[in-house]
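Scroll down for the structure; my scribbles are underneath it.
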Amino acid sequence: MKTYILQRFIQMIIVMLVVMLVSFIIVELPPGDFLTTLREQLTEQNVDPKVIDSTVEMYRARYGLGENWVIRFGKWAWSLMKGDMGYSMQHNRPASELMGERLSLTMWISIATLVFMFIVAVPIGMLSAIRQYSAWDHSFTFLALLGVSVPSFITALVFLLLSVTLLGATTVAGLFSPEYVTAEWSWAKFVDMLKHVWIILFIVGLGDTAGTIRVMRARMLDTLGEPYIDTARMKGLSSAKVYFRHALRVAINPIISSIGMRFPQIISGSTIVAIVLTLPLIGPLLLDSLLGEDVYLACSILVVLTLALVIGNFLADLALAWLDPRIRFES
Amino acid sequence: MNNAPDSDKVLDIRNLEVSFRSIAGTTRAVNGVSLDVRSGEIVGLVGESGCGKSVTIRSIVGLVPSPPARFENGEIWLRTRRGMTETVSLFKDTKALRQIRGRDVSMIFQEPMRSVHPMMTIGKQITEGILEHEVVDPAEAYERTIEMLDLVGLPNPAGQMNRYAHELSGGMRQRALIALALVCHPQLLLADEPTTALDVTIQAQILELIRDLRERMSMSVLLITHNMGVVANLADRISVMYLGKIVETGTVEEIFKEPAHPYTQGLLASMPSLFSQPKTHLQSLRGVVPELSMVPKGCVFADRCPHVMPKCDETPPVVELRADHSTACWLYADVEEPHGPDAATTLPAPSDDGAQAESVPSVDVIQLTRSEPVSDTGEAPPVDDGSVQLQIENVALHYPILRGLLRRQVGTVRAVDGVDLTIRRGETLGLVGESGCGKTSVGRLVTRLVEPSAGRLRFGADGQLEEITHISQKEMKRVRRSMGMVFQDPLSSLNARMNVRNIVGEPLMLHEIARGKAVDERVGELLEMVGLRAAHQSRFPHAFSGGQRQRIAIARALATEPSFLVADEPVSALDVSVQAQILNLLLTLQEQLSLSMLFIAHDIAVVRHVSDRIAVMYLGKIVELGNALEICVRPIHPYTEALLASIPLPMPGLETVRELPKGDLPDPANPPTGCRFHTRCPYSQPICAEEEPVLRPLSGAADHFGACHFQDELDLQGVEEIGDLSPPAVVNAGENMSNTQAT
């Protein structure tokens, strides 16, 4: 088990390094030098030339510009690890400042979406399998297929439309009511966010939840057909014990292993919804930075998202190893 | 309860009818089955797959999901701790059913590999059963589980408690499952093909265990199997089932001595036994078990029966032949003195398995009348005079075991570890051994489907031997024209997306033997040669039965008119009657086309039946090589003796008294030192663990080789030569009944 964790950990670090290297190459690809751009920008803003010189010099030293690429990569990577995400040319602000709140909100919403998906999809999938071809199963199959096939921004638009026309709401979009958007964090703001967040969870999580219902149903059906389920039944166990103690832990396996994958999917999937509903998430910022060729910002976001993916996978692997003795055995 | 059966019976099934509803219509899987099991008795329920055996046995404990199943009629009485209980009426009352399961009646299943929960420790799975039925404290349940594991013969039972399924071999899992089933001391054990998925030596161990536990736990057993050998040695009474009906019931002696129903006779004659005349046609039943929706009216066996008569359109009555022997057949209905037709003389000639009722153009079957094997025995001289088809020298196949992040090599699996074999033209060499011994790898090596790690392969397409060990794939293509291969699983070895014309015709097009219309013609010929219809070219594999698919695979293997055929377990996935048909076909084709053949199988009885010589393989090495009959009658290696002893003989009373090999096949990555068999060998001496014996001729017999230190001293027991080796086994079984029982 220890070697398994260590192995996964080393793999995680290797993946991170590779992603950082690729990101770095992307940063370096555009012709010209970031310093020239910066100097031009500052000059345009009529900044004192001395300040310009010192600022440019500071960046030159920090990122090792002018030295060979290995050293430059090392310095860039090092500053990334210290949390310095570089500078957004578009917004003239440090990237970390721009990402700050959006990043943590995105993380929370993603995790909450995952939990929502889990709580809703697993029981429904199980029930559909246990009562295969019942009215339950048919209705959930219908709903799940609908959920899989309708793109989330359509769901978002429909929600907007319905809440405006039917409920007469004025503040459907956004994560907060207007009066709290710029307010400092407070209990009232948090409560206000909770009021809005469930719609977002529903819209963002619907597709994944519907897909997971289908996966759970199929896996549960497979598992229930396995001979060891007959063995369990023949012990005289109650159905509940057979389903929960014997079948569920096998059937849930692929869903757990897919969690690591779903994490970035949810983040990118929420981008369109975030644009439609004007949510302060990281997705729109990434899109914005890509459109504006704001390379440092884009790369920083990419690296952070990768980190989320890699950590998600690592946790999923740990969960699987804890659940399935065969994985522990193989390592 | 007033019509409850007498207390002597543990189980009494009365006129059970179970049907299944689907979109295609209603099919009746169990059609009026009556069956009983008395105290302390082992009853065998025998029949081919698709006959409703499993549905019957699963109905007893309500394990048949309903819907789609419907219990139309009948009663199942079971002796429980509350007295006789009718279980069909309980199917809606899951609580009452649950109290019976595991406590009054238990069940073990066909696939031990998949019947143990993969994510729970063995100990937890068994204690769970105790805690469900009896209020005992967990520590006591734990102790009882260890005792039970000890009773079923698992080594180090306390250590097994914390192990998971994947850490146990198939045989150990079946032992654990038996422990699980018996831990609450049920009165009846239902065993659904408990040994079918296991190796022969392990099968023998498990059967021995069941027999032993029946005595010690004073329980009854209802055993499903398709293997007549298994019931002969284990059962007290037998019921033969065909298409949802019991066609014959009797004591094991009666059934084997005087099988009454033509189906029973056919089943017995289909099995290649260790006493049949090798290289002769088995007397197979014609056709295959039809789909349940196509069941004939009247007698269900009528369309395959050699004695069919007009009366068979009506449902035959159950005739009591003797006190404990009854059959459902018109042959006995009007005859006062029950006298079955002589199985040896009146059974039908082997014919094809195209199950269609209309007549099928049959193969030109050449009856093999000669009683001597094709070639004279004796090891081939190393001189290359064109009489040798294939010669392999010191061939090895090693797989590295890679571990860790850097895929370091931590060991080597020696799948094949230095094998020498020679196959002469027109000869069949049988390669036999348990799964994991490397026999399939040998077949893949000689066809160069895998690259040998060491050694030399030489193949003579039609003249001199030529070296093929390392020739390029392009050159190999030319050589492969002279090689054909038939695989174990006829379904997965045929591409489901290709029609038969393309499957069989592909080698023709690949080797530019034919193109266009000529392919159709040639494929048609090939199909007729293997007993199928030329007109079926456009069909896809799923439209054929297992036996027909194997015929297609044979036609494909023979498309390029090869002189050499590798048949890797070609019949082990097939039903008994179909198995006999395919073996007959292979024998016929070999004769017609003068093929040389490498016949690989785990069943030494099957191998003995088709081979001129046999090579016995154990953990990557040949341990014995010699004339097929000679090896079976006078084995010189203890492993060969063990294989022979493990085959359940279809003769009741003729129990194998020899010592069975202990334990499982060792890990091929870490084979035992010295003689690889010494860990399981009953005759093991200190030298066996130190020095590896080489394959050398037996003194005084130049054509019989063994790799045992004591082959010249040991007096091993093979299969006795019975009578003048005249077929079939059925007659022998009867004739030898009395004297074998006396011993």
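The values are calculated or read from the model by the stated rules, or taken from the named source; none is laboratory data. Note that the structure is a prediction, hence the values are computed from the model and not measured. In this analysis, Cβ positions are derived from the backbone assuming ideal geometry, glycine residues included, and neighbour counts consider all displayed protein chains. Keep in mind that these areas ignore ligands, DNA and RNA; they rest on the heavy atoms of the full protein, side chains included. Shrake-Rupley method; radii C 1.70, N 1.55, O 1.52, S 1.80 Å.
Side notes on the structure shown:
- Test: residue in the stretch B:127-139 that is farther than 25 Å from B:Ser220 by Cα and either touching a residue at least 24 places away in the same chain (Cβ under 8 Å) or assigned to a helix (DSSP H, G or I) (or both): yes
- Of all residues in the stretch B:13-63, those that are within 14 Å of chain A (Cβ to nearest Cβ) and assigned to a strand (DSSP E or B) total 2.
Table: residues versus (1) on the phi < 0 side of the Ramachandran plot; (2) modelled with pLDDT of 90 or more; (3) basic (Lys, Arg); (4) out of contact with any strand residue (DSSP E or B) (no Cβ under 9 Å at 6 or more places or on another chain).
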residue	(1), (2), (3), (4)
B:Leu508	yes, yes, no, yes
B:Lys517	yes, no, yes, yes
B:Gly524	yes, yes, no, yes
B:His536	yes, no, no, yes
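- Candidates B:Glu41, B:Glu72, filtered to the one that is charged (D, E, K, R) and more than 27 Å from the chain's Cα centre (by Cα): B:Glu72
- Residue list for the stretch B:282-313, restricted to those being of a type outside the set (A, V, I, L, M) and surrounded by fewer than 13 Cβ atoms within 10 Å (Cβ to Cβ): B:Ser293, B:Lys297, B:Pro310
- Taken together, the residues in the stretch A:246-275 that are closer than 30 Å to A:Gln90 by Cα and open to solvent by 40 Å² or more (accessible area, probe 1.4 Å) amount to 4.
Conditions tested, residue by residue: (1) under 19 Å from the mean Cα position of the chain (by Cα); (2) within 28 Å of A:Arg326 (Cβ to Cβ); (3) within 14 Å of chain A (Cβ to nearest Cβ); (4) modelled with pLDDT under 90.
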residue	(1), (2), (3), (4)
B:Thr121	no, yes, yes, no
B:Ile130	no, yes, yes, no
B:Glu134	no, no, yes, yes
B:Leu149	no, yes, no, no
B:Gly170	yes, yes, yes, yes
B:Leu180	no, yes, yes, no
B:Leu188	no, no, yes, no
B:Thr195	yes, yes, no, yes
B:Met217	no, no, no, yes
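- Meets criteria (open to solvent by 80 Å² or more (accessible area, probe 1.4 Å) and touching a helix residue (DSSP H, G or I) at 6+ places or on another chain (Cβ under 8 Å)) for A:Trp136: yes
- Subset of the stretch B:515-542 (residues that are in a loop (DSSP other than H, G, I, E, B) and not basic (Lys, Arg)): B:Gly516, B:Val530, B:Gly531, B:Leu532, B:Phe540
- Of the helices (runs of 4 or more DSSP H) lying entirely inside the stretch A:186-285, the ones with 2 or more residues being at pLDDT 90 or above are found at A:187-224, A:227-234.
- Some residue of the stretch B:110-118 being modelled with pLDDT of 90 or more and more than 7 Å from chain A (Cβ to nearest Cβ): no
- Qualifying positions in the stretch B:473-514 - under 22 Å from B:Arg444 (Cβ atoms), assigned to a helix (DSSP H, G or I), more than 29 Å from the chain's Cα centre (by Cα) and of a type outside the set (D, E, K, R): B:Gln473, B:Met476, B:Val479, B:Pro507, B:Leu510
- Unique match (being under 24 Å from B:His166 (Cβ atoms) and either in contact (Cβ under 8 Å) with a residue 60 or more places away in the chain or crowded, with 18+ Cβ neighbours inside 10 Å (or both)) among A:Ala321, A:Ala298: A:Ala321
- Any hit, the stretch B:114-122, residues being touching a strand residue (DSSP E or B) at 6+ places or on another chain (Cβ under 7 Å) and under 30 Å from B:Arg14 (Cβ atoms): no
- Of all residue pairs spaced 6 or more apart or on separate chains, those with beta-carbon atoms under 8 Å, a first member in the stretch A:242-258 that is under 24 Å from B:Gly129 (Cα atoms) and a second member that is surrounded by 18 or more Cβ atoms within 10 Å (Cβ to Cβ) and aromatic (Phe, Trp, Tyr) are A:His246/A:Tyr228.
- Extreme residue, least open to solvent (accessible area, probe 1.4 Å), among residues of the stretch B:64-93 that are assigned to a strand (DSSP E or B) and among the small types (Gly, Ala, Ser): B:Ala69
- Residues that are outside any helix (DSSP H, G or I), farther than 30 Å from B:Ser572 by Cα and either polar (S, T, N, Q) or open to solvent by 10 Å² or more (accessible area, probe 1.4 Å) (or both), drawn from the stretch B:158-208: B:Asn162, B:Arg163, B:His185, B:Gln187
- Scanning the stretch A:288-331 for residues that are touching a Pro at 6+ places or on another chain (Cβ under 9 Å), more than 14 Å from chain B (Cβ to nearest Cβ), modelled with pLDDT under 80 and part of a helix (DSSP H, G or I) turns up just one, A:Val295.
- Of the residues making up the stretch B:95-109, those that are more than 7 Å from chain A (Cβ to nearest Cβ) and not aliphatic (A, V, I, L, M) are B:Lys95, B:Asp104.
- Here B:Ser239 does not fit the description of being out of contact with any helix residue (DSSP H, G or I) (no Cβ under 6 Å at 6 or more places or on another chain) and assigned to a loop (DSSP other than H, G, I, E, B).
- From B:Glu254, B:Glu320, residue being assigned to a helix (DSSP H, G or I) and open to solvent by 10 Å² or more (accessible area, probe 1.4 Å): B:Glu254
- Output for the stretch A:175-232, where each listed residue is open to solvent by 10 Å² or more (accessible area, probe 1.4 Å), small (Gly, Ala, Ser) and away from chain B (no Cβ under 14 Å): A:Ser177, A:Ala183, A:Ser186, A:Ala188, A:Gly207, A:Gly211, A:Ala218
- Only a single criterion out of (1) of a type in the set (S, T, N, Q); (2) open to solvent by less than 20 Å² (accessible area, probe 1.4 Å); (3) within 14 Å of chain B (Cβ to nearest Cβ) is not satisfied by A:Ser238, namely (2).
- Among the conditions (1) at pLDDT 85 or above; (2) open to solvent by 40 Å² or more (accessible area, probe 1.4 Å); (3) more than 31 Å from the chain's Cα centre (by Cα), the only one that B:Pro693 does not satisfy is (2).
- Selection from the stretch B:37-54 of residues that are open to solvent by 30 Å² or more (accessible area, probe 1.4 Å), at pLDDT 85 or above and over 17 Å from B:Pro194 (Cβ atoms): B:Arg38, B:Ser39, B:Gly40
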